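First the structure, in the form of structure tokens, and then the observations on it.
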Amino acid sequence: MRLKDLDIFTVAPPPPGWGGRYWTLVKLTTADGIVGWGECYAATVGPQAMRAVIEDVFARHMQGESAENVELMYRRAYSSGFSQRPDPTVMGAFSGLEIACWDILGKARNRPVWALLGGKMNERIRAYTYLYPEPGEVAADFWIDPDRAAEAALRCVALGFTAVKFDPAGPYTIRGGHQPAMSDITRSVAFCRRIREAVGDRADLLFGTHGQFTTAGAIRLAQALEPYAPLWFEEPIPPDNLLEFAEVARHTTLPIATGERLTTKAEFATLLRTGGAKILQPALGRLGGIWEGKKLAALAEVFNAEMAPHLYAGPVEWAANIQLAASIPNLLLAETIETGGSFHQALINHTITWDDGFILPSQEPGLGIEVNEALALAHPYEGSKLHLEMQEAPCDYRHGNRFEGGAPSAEG
């Protein structure tokens, strides 16, 4: 099972583009012909530069090595350049390659990855989704309309979802944390009120933010939302000051969830030690891969914390999340994009089974998916933008804020 060849696919999902502007899929082939697929999440550099990073990480730390030696290859990548510290770009590249190694290992042993991680703990995996507009709806209007959000929540509950996520609290800017505009607080409360009225106790509300507030601003917003009992308040402050999460947690009854922008167990450990978060949301395509996810789940157990794997990427990371989720005792939820997303499912030949709000872990070898390579090649991303981009303009305290939520701009 010596790793021999690497292929990289930068895939652009067609409109509406849920899951980001593009997905970076990697295909590893061993000297004896076993193929494994992985996915690198949300690069901090453009797609061509990221391709070069992935190629370098593979050639420098993995090529010629046995796919079994995941720990050794991780330590090489983590220590590269005399660093031994979290690096989102290097670890993002390694994460996708590591996921592909597990796919290879499962196929070589004719077993699902979850069987190699301690076996199946969860027969069914509780799923959640963001609230998305229906085809034909004007997305820019949907993101700021609590009535439309409530209608979308009802559609999700009818499909079987028992938790739905939304993020109406204003713009994500390069300026770091800001105080929310009063109009953002008012809209956020209205979203929680209308969705709670619509779904009652049939679904948990998951209040999403993306690190856009100061500590004081996050506390103000959290306290305004407390009457509606969201299951979590997600990433309320920027991830570059992990100690401040504990300050937010001390001033609200809402559980703090975070993790999509963190990499390796080292960053999460600070949150756990300080009580900054009790719900961890790793993106396996950035965290360090599946094995690092298993370690993180064990670390979280010690602190009585739960896992909720994040997904705003393509279907290979989704498949990796499912394998991890099936194997851990402290699973809370796993993110999906609607019931899988039509292009997500098409890209893996509909090999992930979703049933009445739950995902059913596959019995097939490896990640349990069949990647449609021809479809991936037919949808290349040829632009230069990043997977997701933050706005430069500050929060607008006078005219209110309109923003695109998780949707990439139509321009690219």
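The values are calculated or read from the model by the stated rules, or taken from the named source; none is laboratory data. Keep in mind that this is a model prediction, so the values were computed, not measured. Virtual Cβ from ideal backbone geometry, glycine too; neighbours counted across all protein chains shown.
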Worksheet, complete the sentence: In segment 39-67, anything among the charged types (D, E, K, R) and surrounded by fewer than 16 Cβ atoms within 10 Å (Cβ to Cβ) is listed as 55, 56, 60
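Residue by residue through segment 143-152, note down the ones that are within 18 Å of residue 184 (Cβ to Cβ) and either touching a residue at least 40 places away in the same chain (Cβ under 8 Å) or not in a helix (DSSP H, G or I) (or both). Give the steps one after another, and end with the answer.
The first filter runs over segment 143-152 and keeps only residues within 18 Å of residue 184 (Cβ to Cβ), leaving 143-149.
Within segment 143-152, 143, 144, 145, 146, 147, 149 meet the criteria.
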Practice prompt. Counting only residues that are at pLDDT 95 or above and among the aliphatic types (A, V, I, L, M), give me the strands (runs of 3 or more DSSP E) lying completely in segment 1-111 with at least 2 of them.
Written response: 3-11, 23-30
Fill in: Single residue of segment 183-204 satisfying the filter (without any contact (Cβ under 8 Å) to a residue 40 or more places away in the chain and not small (Gly, Ala, Ser)) that is surrounded by the fewest Cβ atoms within 10 Å (Cβ to Cβ)
201
Worksheet item: For segment 264-282, which residues satisfy the criterion of being crowded, with 21+ Cβ neighbours inside 10 Å and over 17 Å from the mean Cα position of the chain (by Cα)?
Response: 271, 276
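Can you tell me how many residues within segment 329-364 are in contact with a Ser or Thr (Cβ under 6 Å, 6 or more places away or on another chain) and outside any strand (DSSP E or B)? Talk me through it step by step, then tell me what you get.
Our first condition is that a residue be in contact with a Ser or Thr (Cβ under 6 Å, 6 or more places away or on another chain); within segment 329-364, this holds for 336, 338, 354, 357, 360.
With outside any strand (DSSP E or B) added as a condition, the list becomes 338, 357.
Result for segment 329-364: 2.
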Discussion item. Going through 108, 127, 139 one at a time, which residue ends up being out of contact with any helix residue (DSSP H, G or I) (no Cβ under 9 Å at 6 or more places or on another chain) and surrounded by 18 or more Cβ atoms within 10 Å (Cβ to Cβ)?
Written reply: 127
Response to the item:
When every residue in segment 396-411 that is farther than 14 Å from residue 144 by Cβ and either at pLDDT 90 or above or of a type in the set (Phe, Trp, Tyr) (or both) is compared, the one surrounded by the fewest Cβ atoms within 10 Å (Cβ to Cβ) is 398
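For segment 88-97, indicate whether the set of residues that are over 22 Å from residue 25 (Cα atoms) and within 20 Å of the chain's Cα centre (by Cα) is non-empty.
Within segment 88-97, the subset over 22 Å from residue 25 (Cα atoms) is none.
Scanning segment 88-97, I find no residue that is over 22 Å from residue 25 (Cα atoms) and within 20 Å of the chain's Cα centre (by Cα), so the answer is no.
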Fill in: Evaluation of residue 383 against (1) part of a loop (DSSP other than H, G, I, E, B); (2) modelled with pLDDT of 95 or more (one fails), failing number
(2)
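I'd like the residue in segment 331-388 that is of a type in the set (Val, Ile, Thr) and within 20 Å of residue 153 (Cβ to Cβ) and, out of all such residues, is surrounded by the fewest Cβ atoms within 10 Å (Cβ to Cβ).
Our first condition is that a residue be of a type in the set (Val, Ile, Thr); within segment 331-388, this holds for 336-337, 339, 348, 351-353, 359, 369, 371.
Filter again for within 20 Å of residue 153 (Cβ to Cβ), leaving 336-337, 339, 359.
Working: 336: 23, 337: 23, 339: 19, 359: 24.
It comes out as 339.
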Worksheet entry | Per-region count, segment 155-182, residues surrounded by 17 or more Cβ atoms within 10 Å (Cβ to Cβ) and either without any contact (Cβ under 8 Å) to a residue 12 or more places away in the chain or closer than 15 Å to residue 339 by Cβ (or both) | 7
